[in-house]
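The values are calculated or read from the model by the stated rules, or taken from the named source; none is laboratory data. Fair warning: this is a prediction, and the values are worked out from it, not measured in the lab. Reconstructed Cβ throughout: ideal geometry from the backbone, glycine too, with neighbour counts over all protein chains shown. The accessibility values were calculated without ligands, DNA or RNA, using every heavy atom of the protein model including side chains. Shrake-Rupley method; radii C 1.70, N 1.55, O 1.52, S 1.80 Å.
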Amino acid sequence: MHAGNAKNPQRTLRLDLLHTFEAAARRLSFTLAGEELFLSQSAVSRQIQLLEESVGVPLFERRHRALALTEAGRIMQRAVQDSLERLRDAAARVRAATAPRQVTVTCTPGFASFWLIPRLPRFTAGHPQVDVRISATLDMVDLARGSVDVAVRFVPCASGEGSALFEEEVQPMCAPGLLRDRRRPLREPADLEHHTLLTIEMRDAPLTVDWEPWLQLMGLEGVHMAHTMRFTQYSEAVAAAVAGQGVVIGRLPLLADLLRRKDLVTPFRSGAASRRGYFVALAAEAAHNPDAQDFARWLHAEAELARAAPAPAPASRRSARSRAPLPPSAR
């Protein structure tokens, strides 16, 4: 007996040919498999022949203008399909493990500019591997659709959904330089008639829609300010106020940091609750996103820190009035 002449029954399996086999077995056509794999019919036929030599048995019955799997071919097809499916699942898990972690947040432009973005470095410092995507819009994004994880809604407190972040207070604000203008004093609410009104232009709403509730509360419905500057975004009106171009209705706590830095001041003690507030809501899909849940908890922690910070004192106390709620029409 010459062992060196014996044929090794454990032939090497040509794994590189299994993809071609799977397509041919599924389509039962070398031509159609070739079209799917961008190969010629003869190339597919040759690869199947090499695979059959590798396994040692025929995998197809070559009939006239037709193919059929042999019993060995059917066994191989089940095994190959199962193996490819497992490989696809493994690849999906690997991609998911290496995919960037992301939290998508929707909120109003004002909330993003004045409250969220200045604080965001504290979240990213604690979560360096999480990408935060901010969609600043006045549109009410449907959390049941799309890819938004967290929504910060600015709505009437009576109809807020989710967990309350904070309520809003409003009062006039201006640059410190306006208080030093002796030609146009700004000591009493009635002095506003000598100054420029900075207001937001809103569709189908009065020009002074954001000012009227406060003016009514102060009993100043008849006051007409010397000039008016109109803006489409709240951030633009605030920028104009910081530049000393007029007086804006300031929203707290959004503008609290500007007050602490003395970029803006409140000339009167006349804050009023607007009966609106900010609420945090999570999309249903966020239940599977621990980073989104961490972000929501971080928002509330930041709100608590903001509440604990000392409140900026009014620049003038001559017109002290008690804090009262605005009418329901206040925004």
Looking only at the stretch 41-48, decide whether some residue is outside any helix (DSSP H, G or I) and open to solvent by less than 80 Å² (accessible area, probe 1.4 Å). no
Can you confirm whether the stretch 93-110 contains a residue that is basic (Lys, Arg), open to solvent by 50 Å² or more (accessible area, probe 1.4 Å), more than 18 Å from Arg133 (Cα to Cα) and touching a helix residue (DSSP H, G or I) at 6+ places or on another chain (Cβ under 9 Å)? no
Is it true that some residue in the stretch 175-196 is at pLDDT 85 or above, assigned to a loop (DSSP other than H, G, I, E, B) and closer than 30 Å to Glu302 by Cβ? yes
Can you name the number of the only condition in (1) within 29 Å of the chain's Cα centre (by Cα); (2) crowded, with 18+ Cβ neighbours inside 10 Å; (3) of a type in the set (A, V, I, L, M) that Val247 fails? (1)
Just wondering, is there one or more residues in the stretch 57-68 that are closer than 16 Å to Leu17 by Cα, assigned to a helix (DSSP H, G or I) and not charged (D, E, K, R)? no
Inter-residue pairs, beta-carbon under 7 Å, first aromatic (Phe, Trp, Tyr) and in the stretch 57-78, second outside any helix (DSSP H, G or I), 6+ apart: Phe60/Leu67; Phe60/Ala68; Phe60/Leu69; Phe60/Thr70
